[in-house]
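Asker: Encoded as structure tokens, here's the structure I'll be asking about.
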Amino acid sequence: MGRFASTVEFYARLREPYLPEFFAAASERIKLRGQEKLLDVGCGPGLLAIGFAPYVGTVTALDPEPAMVVAAQNAAAQAGAAISFSLSRLEEFISPEPYDVVVLGRMLHWLKRDAALQVLSRIVAESGHILTCAAFNEKSGLSPWVKPYEHVRCSWADDPEQKFYRIDERDWFAESDFQYAGDVSVVGRQEVTIDGLIGRALSKSNTSPEVVGIRREEFEAQLRAVLEPFATNGVLQEQIVNRARIFSRR
């Protein structure tokens with residue numbers, strides 16, 4: 001079983017969402033015309049691939065986890081998005097044609113940097129762009145529950161300090177063929193339930209059902225206890241930030 005296999009049932013439904021306004025803003029920023037070839041690396045359940053599909057000509061999505069690819073295929077079919085899928089890691093990906101846009105979710109930490117950069121240098125078109133995308137909840141006055149929730153969740157993680165995940169994309173691309181070209185950010189608000197946030201915690205690889213194991217009921221009970229004081233009838237408010245960091249060829 002791959003690291004993300006036990007997160008599949010929670011990932012697409014309960015992770016912080018990418019908003020429709022985000023895809024429109026990012027597409028406008030890099031001047032997509034509807035004819036481009038886009039590659040989604042580490043596509044997971046297909047959130048970015050499906051969201052960008054209306055703005056480009058063709059979409060290819062790849063992921064090394066078979067269950068994620070199946071989930072993405074099903075989601076694309078439901079959305080009516082024509083997407084080609086590949087069960088592969090970026091470092092092993094071979095393409096006969098260049099891509100105008102390559103998008104990566106929060107997954108640079110999973111890549112072998114040197115090998116990944118070699119592939120990106122080979123497959124990104126001369127005038128192409130790389131977008132590193134993230135969706136996260138803002139620790140704001142609207143969402144005072146975020147800090148205590150993350151404190152409990154991280155105390156159960158297999159890497160409590162989460163140093164593995166702390167990568168600055170600009171540092172990652174430093175001294176490569178690609179340079180930082182700016183950000184696109186969109187902010188939105190939504191309601192989220194306590195059960196939804198518990199499921200979101202289980203969608204994270206470092207607090208997945210596989211990681212928390214037989215103590216899952218205890219894990220869920222601790223999350224519920226820390227969230228309940230902030231909820232009204234089991235519902236909380238959150239502010240969602242979507243961000244794309246853009247890199248272009250030097």
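Asker: Along the charge dipole of the range 197-250, which of GLN222, GLY234, VAL212 sits closest to the positive end, that is, farthest toward it, with unit charges on the beta carbon of Lys, Arg, Asp and Glu (+1, +1, -1, -1)?
Answerer: VAL212
Asker: Full-extension gain between ALA25 and ALA181, please, as 0.36 nm times their residue separation minus the C-alpha to C-alpha distance.
Answerer: Between ALA25 and ALA181, full extension yields an extra 54.7 nm.
Asker: Evaluate E = 1/(1 + (r/R0)^6) for ALA82 and ARG33, where r is the Cβ-Cβ distance and R0 equals 22 Å; express this FRET efficiency to the nearest 0.05. Kindly include the intermediate steps, with their values, before the conclusion.
Answerer: Working: r = 18 Å, r/R0 = 0.80.
For ALA82 and ARG33, the calculated efficiency is 0.80.
Asker: Continuing with this model, one more query. Under the Kirkwood approximation applied to all pairs of distinct alpha-carbon atoms, what is the hydrodynamic radius of the chain in Å?
Answerer: With all distinct Cα pairs of the chain included, I get 18.9 Å.
Asker: In a Gaussian network model over the chain where Cα atoms closer than 10 Å are linked, find which of PRO64, PRO17, PRO229 has the largest mean-square fluctuation.
Answerer: So, out of PRO64, PRO17, PRO229, the one fluctuating most is PRO229.
Asker: Quick one: putting +1 on the C-beta of Lys and Arg, -1 on the C-beta of Asp and Glu, what dipole do you get for the chain around its Cα centre, in Debye to the nearest 20? Could the numbers behind the result be given before it?
Answerer: Numbers: 28 positive and 33 negative charges, 55 e Å.
Approximately 260 debye in magnitude.
Asker: With a point put 7 Å past each Cα toward its Cβ, work out how far ASP195 is from ALA225 in nm, to one decimal.
Answerer: Here the answer is 2.2 nm between the modelled labels.
Only the coordinates and a few stated rules stand behind these numbers; no lab work does. None of these values were measured; they are calculated from a predicted model. Cβ sites come from the backbone with ideal geometry, for glycine too, and all protein chains shown count toward neighbours.
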